[in-house]
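What follows is one structure encoded as structure tokens, with my remarks underneath.
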Amino acid sequence: MPQQDPKHEKSTTSRRQVLVAGGAAVAVVGAGGVLASTAFADDSSQETRSTDSSDAESCYRLSSEAIEGPYYIDADKIRTDITEDREGIPMTLTIKVIDSVTCTPVRNAAVDIWHCDALGVYSGYESVGTGGGMPSGAPSGAPSGAPSGTPTGTPTAMPTDGGGGGGGMHVEPTDDERYLRGTWRTDRQGKVRFTTVFPGWYQGRAVHIHTKVHVDGTWTDDGYEGGHTCHTGQFYFEEAAVLDSAEVEPYSTSTTPRTTLTEDTIYDQSGAAGGLLTLRYDKKKISKGVAASITVGVDPDATHDGDDAVMPGASASSASPSASS
């Protein structure tokens with residue numbers, strides 16, 4: 001892979017100047033309609049392409065930041081097909097990364113995605129079981145006898161999901177598997193497309209995919225080096241599609257309780273800005289495959305490693321560093 005310098009291309013107007021201009025900048029775009037329509041001209045995730053001011057404002061909206069979760073493994077699989085041997089409904093995921101101020105594509109960014117398989121298991125953490133549950137072989141049932149004495153030492157957090165614990169705290173992998181994980185470079189349109197399978201679910205979380213966007217690094221023969229993470233987020237699936245997938249094996253064999261989008265503690269209920277994917281599939285034959293897409297608005301100058309995200313309904317000062325993955 002030839003070496004390239006994916007430094008973010010700045011506009012002639014500084015980010016601060018555009019932000020200070022505020023509504024005036026949006027009004028100009030809305031009146032001309034050129035910037036908004038150009039930014040999304042080739043983006044299949046946009047349902048409409050009208051050029052009124054409300055559409056122009058949408059391309060300035062930052063995508064929601066989310067916690068990284070405990071199961072991130074740093075960019076060690078540079079590839080677009082992350083399926084490996086996993087069974088499930090075939091899926092393509094197209095992600096378009098744009099600068100939320102200038103609406104221009106963010107080129108040569110490194111985009112990571114990772115998610116569980118059809119039965120809720122993350123590669124690299126198979127011994128943990130489904131979605132950060134108790135490790136296999138963990139004791140069950142109530143302990144006999146009354147505890148005595150005062151605990152000593154620092155308690156070790158159990159990596160869990162939904163029910164609490166684990167979130168921003170990284171957990172070291174327990175095995176060498178790396179299915180359903182990958183990193184690839186955005187093209188001139190800011191796009192990257194992955195081939196994978198429709199994720200399953202595990203207790204405490206709605207169906208989701210994790211993502212990171214890295215900029216200002218360098219592509220080398222070995223992959224991507226340096227730079228910083230400007231976005232850490234999660235993508236979500238509409239309830240109807242999840243219900244349709246649950247009718248197909250191996251999803252239909254899962255006995256794990258499922259959490260809906262409205263029950264999820266991480267999704268902020270803000271639609272596409274919060275990571276809700278646009279899905280296309282034959283509703284009578286979802287097993288044939290799903291095409292998912294989304295536009296992600298980022299601030300390339302910012303750093304968001306996943307430990308600064310605020311849980312929905314919480315203030316920044318009360319956000320816990322151990323939220324769900």
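The values are calculated or read from the model by the stated rules, or taken from the named source; none is laboratory data. Just so we're clear, the structure is a prediction, and the values are computed from it rather than from any experiment. All Cβ positions, even for glycine, are placed from backbone atoms using ideal geometry, and neighbour counts span all protein chains on display. Quick note on the areas: whole protein, heavy atoms, side chains included, nothing else; ligands and nucleic acids left out. Shrake-Rupley method; radii C 1.70, N 1.55, O 1.52, S 1.80 Å.
Identify, please: which residue in region 247-270 is in a loop (DSSP other than H, G, I, E, B) and of a type in the set (Asp, Glu) and is, among those, least open to solvent (accessible area, probe 1.4 Å)? Looking at the filtered set, the residue picked out is 264. Each residue in region 47-78 was checked for being assigned to a loop (DSSP other than H, G, I, E, B), modelled with pLDDT under 65 and among the polar types (S, T, N, Q), and 3 of them qualify. Residues satisfying the criterion are absent from region 289-296 (criterion: modelled with pLDDT of 95 or more, assigned to a loop (DSSP other than H, G, I, E, B) and of a type in the set (A, V, I, L, M)).
Among the criteria (1) touching a helix residue (DSSP H, G or I) at 6+ places or on another chain (Cβ under 8 Å); (2) part of a loop (DSSP other than H, G, I, E, B); (3) of a type outside the set (Phe, Trp, Tyr), the one residue 244 does not fulfil is (2).
Residues that are assigned to a strand (DSSP E or B) and without any contact (Cβ under 8 Å) to a residue 40 or more places away in the chain were ranked within region 212-227; the one that is most open to solvent (accessible area, probe 1.4 Å) is 225.
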